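The values are calculated or read from the model by the stated rules, or taken from the named source; none is laboratory data. Here the structure is a predicted model, which is why all the values come from computation and not from measurement. Note that each Cβ is placed from the backbone with ideal geometry, even for glycine, and that neighbours are counted across all protein chains shown. Only protein heavy atoms, including side chains, enter the accessible area calculation; ligands, DNA and RNA are left aside. Shrake-Rupley method; radii C 1.70, N 1.55, O 1.52, S 1.80 Å.
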Protein chains: 2
Amino acid sequence: MDAEAIKRSLEGSGLRCTPQRYAVMAFLMEHTRHPTAAEIFEAVNRVDPRSSRATTYNNLRDLVQAGLVREVAVEGRAARFDAKGMRHHHFICDRCGNVEDMEWYDVPRPPSRALGKRILRECELIFRGHCTKCAPRHASR
Amino acid sequence: MDAEAIKRSLEGSGLRCTPQRYAVMAFLMEHTRHPTAAEIFEAVNRVDPRSSRATTYNNLRDLVQAGLVREVAVEGRAARFDAKGMRHHHFICDRCGNVEDMEWYDVPRPPSRALGKRILRECELIFRGHCTKCAPRHASR
DNA sequence: TGAACGATTTAGATTATATCTAATGTGATA
DNA sequence: TATCACATTAGATATAATCTAAATCGTTCA
């Protein structure tokens, strides 16, 4: 993990590199398991207890707005966060709610007829089903 | 709106056609604007005030499980619901959070190498950007 | 240096969303 | 009619996220 690189990417997006913001970003880069805000808050605070819940949420919001982090909404569960490294799609497990990365491949754009006057920022492909852990228990429930 | 058809589709999925459940389903079929649970509860109750919040949520859960309704999670906002009629994709507005239907087209499946031991149920394509209403105000954040 | 100002952080309250509980009601069937 | 599973209810509770107002930090620049 290159501390300098994190600092540069924060500042390149017009965000100061504060200790709390750095900690959130570094945690997301080390943990690609798509943690929730609560998990990030807890983990960051365990290392250095000078950080409040509000700051974690504020920083996550800022990082998402800056385009450095992606937020993934999951039905009925807390949102999950993901440092944008390599491009990838997401697989969401119906059963345990975990979010996993899926190899990237190009998605066909919608025909402009369908788009109308809307302005498209991105296309996202979400796969749903049972993850490797939950697949064997597929029948139950 | 064919009341008999709704009744049949509920019963075909093993769900009793109760007045409350019928009302939720009928409302979703009439309103394709992807209402939130709170909006559905309010609307259904305005017509016939014998319905509780819990029942609305229970029925939405049952309808989603039965595959008659789709739930769309939106970051930072309440989930939205959508009777599954014609197949379609979704466009979510970054600005106002509204969910709109987009003409359906086939999505390439992931290579089985990427899928591994996961069991795929569905692929969902989500477009993001600014909707027709919000596009003109594009500059102002 | 230090005054000033905007950005950031904080603890805790608040809001928003969704689920749970325990009691009650309903309808099909025997 | 008695029974049983399914449904519903009001309100409490849980969970997720945001807001508030005060304090602090960093940077700029006189």
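Can A:Gly12 be described as away from DNA strand C (no atom under 12 Å from the Cβ) and away from chain B (no Cβ under 14 Å)?
Yes.
Please pick out the residue among A:Arg77, A:Arg53, A:Arg61 that is open to solvent by 60 Å² or more (accessible area, probe 1.4 Å), touching a Gly at 6+ places or on another chain (Cβ under 7 Å), within 9 Å of DNA strand D (Cβ to nearest atom) and not hydrophobic (A, V, I, L, M, F, W, C).
A:Arg77
Give the range B:1-30 a look and list any residue that's more than 14 Å from DNA strand D (Cβ to nearest atom) and without any contact (Cβ under 8 Å) to a residue 12 or more places away in the chain, or say none.
B:Asp2, B:Glu4, B:Ala5, B:Arg8
Would you mind telling me which numbered condition in (1) modelled with pLDDT of 90 or more; (2) out of contact with any strand residue (DSSP E or B) (no Cβ under 9 Å at 6 or more places or on another chain) B:Ser112 fails?
(1)
Just to be sure, is B:Arg128 basic (Lys, Arg) and in the same structural domain as B:Arg21 (by TED's automatic domain parsing)?
no
Among (1) under 24 Å from B:Met29 (Cβ atoms); (2) within 11 Å of another protein chain (Cβ to nearest Cβ); (3) touching a residue at least 24 places away in the same chain (Cβ under 8 Å); (4) not aliphatic (A, V, I, L, M), there is one condition B:Asp82 misses while meeting the rest; what is its number?
Just one mismatch for B:Asp82, condition (2).
Report, by residue number, each residue of the range A:96-106 that is at the interface with chain B (Cβ under 10 Å from one of its Cβ atoms) and either farther than 22 Å from A:Leu68 by Cβ or of a type in the set (Asp, Glu) (or both).
Across the range A:96-106, the qualifying residues are A:Glu100, A:Asp101, A:Glu103, A:Tyr105, A:Asp106.
Could you tell me whether the range A:123-130 includes any residue that is closer than 22 Å to B:Gly129 by Cβ, free of Cβ contacts under 8 Å to residues at least 40 places away in the same chain and open to solvent by 50 Å² or more (accessible area, probe 1.4 Å)?
No: zero hits.
Give me the residue from the range A:14-34 that is over 15 Å from A:Gly85 (Cβ atoms) and outside any helix (DSSP H, G or I) and, out of that set, most open to solvent (accessible area, probe 1.4 Å).
So the residue we want is A:Arg16.
Could you list, in sequence order, all residues of the range B:41-50 that are open to solvent by less than 40 Å² (accessible area, probe 1.4 Å) and either more than 10 Å from DNA strand D (Cβ to nearest atom) or without any contact (Cβ under 8 Å) to a residue 12 or more places away in the chain (or both)?
B:Ala43, B:Asn45
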